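The values are calculated or read from the model by the stated rules, or taken from the named source; none is laboratory data. Only a predicted model underlies this, so the values are computations on that prediction, with no experimental measurement involved. All Cβ positions, even for glycine, are placed from backbone atoms using ideal geometry, and neighbour counts span all protein chains on display.
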Amino acid sequence: MIRVWSLGASRAVAALILVGLLVGCGGGADREGAAVDPEPGEVEDTFADDFAPAPTEDLGGATLAPEATEQGRQPRRLSVDQLRRSIPLLFGGITWTAEVQGRQVNVFDGLSRTLGEADYIQVTESNGEPNPLFAKFMDDMAGQVCSRAVARDDQTAQASARLVAREPGDPDATLRFLRLKLHGVHVPEGSTEGIEELRVLHDDILEDTNDANQAWVGVCVAMLTAPEFMAY
């Protein structure tokens, strides 16, 4: 009986080993191929789902792929040559000058390099960037040109020949004339839209100085140095 049991046990152990080998080989093939569905009643292994959707809250208008916006031409300031030619045309031949060794010279020519104009010898590209130095010289230019123009107007009886104070007795009419002449902005007759601040400036200077000519010089300088004139 003991021998029979031992033989049976040996055969049983061998059968289990053979089954284990077959299952092991089959399992490897299954892992390399298609997934094997779990047997009924078995629990399939699961993994935590760490996927998170993109945030939907408001991020202040930021976009992941902002669309490029088309922009028009950036404004530029007048070049030295544009000023050299336009100032005399606007003011009856009056331009920016300075006395050097007993003679009057055109300051636009004398300061051309300083104002950013290329000489094509040492500098081959003009500098059109606005800067404090350019603004300072434009203030000087406007002060001289406007003072000379108003002084000439004071000696000119014919209203249509006046350069700045076209109608001294009607400040609004004169401001409409200057707005069109210097800024290219038409203000219809009887309207003050677009000239209100200039009228305030004129009245303040007139009140402070009691000098109508000085008031028109101040208005002229303000308009000649404004972006509406210096930029295009």
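Is it fair to say Ile205 is in contact with a Gly (Cβ under 9 Å, 6 or more places away or on another chain) and more than 23 Å from Ile87 (Cα to Cα)?
Yes, satisfied.
Specify which of the listed residues (Gly128, Gly102) is modelled with pLDDT under 85 and either in contact with a Cys (Cβ under 9 Å, 6 or more places away or on another chain) or of a type outside the set (S, T, N, Q) (or both).
Result: Gly128 is the single residue among Gly128, Gly102 that is modelled with pLDDT under 85 and either in contact with a Cys (Cβ under 9 Å, 6 or more places away or on another chain) or of a type outside the set (S, T, N, Q) (or both).
Residues that are surrounded by fewer than 17 Cβ atoms within 10 Å (Cβ to Cβ) and β-branched (Val, Ile, Thr): find the helices (runs of 4 or more DSSP H) completely inside segment 190-232 holding 2 or more of those.
Per the criteria, 196-209.
For segment 150-202, which residues satisfy the criterion of being of a type outside the set (A, V, I, L, M, F, W, C), under 18 Å from Ile94 (Cα atoms) and in contact (Cβ under 8 Å) with a residue 40 or more places away in the chain?
Arg152, Asp153, Asp154, Lys181
Let's see how each residue does on (1) touching a strand residue (DSSP E or B) at 6+ places or on another chain (Cβ under 9 Å); (2) farther than 29 Å from Arg84 by Cβ:
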site	(1), (2)
Gln144	yes, no
Gln158	no, no
Gly169	no, yes
Val219	no, no
Phe229	no, no
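Applying the selection to segment 96-107, what residues are touching a strand residue (DSSP E or B) at 6+ places or on another chain (Cβ under 9 Å) and either under 17 Å from Lys136 (Cα atoms) or not β-branched (Val, Ile, Thr) (or both)?
The answer is Trp96, Thr97, Ala98, Glu99, Gln104, Asn106, Val107.
Out of (1) among the acidic types (Asp, Glu); (2) free of Cβ contacts under 8 Å to residues at least 60 places away in the same chain; (3) within 24 Å of Val200 (Cα to Cα), the odd one out for Glu129 is which?
Every condition holds for Glu129 apart from (3).
Among the listed residues Leu163, Leu89, Leu175, identify the single one that is in contact with a Gly (Cβ under 6 Å, 6 or more places away or on another chain) and either modelled with pLDDT of 95 or more or under 24 Å from Gly218 (Cβ atoms) (or both).
Within the list Leu163, Leu89, Leu175, the selection yields Leu163.
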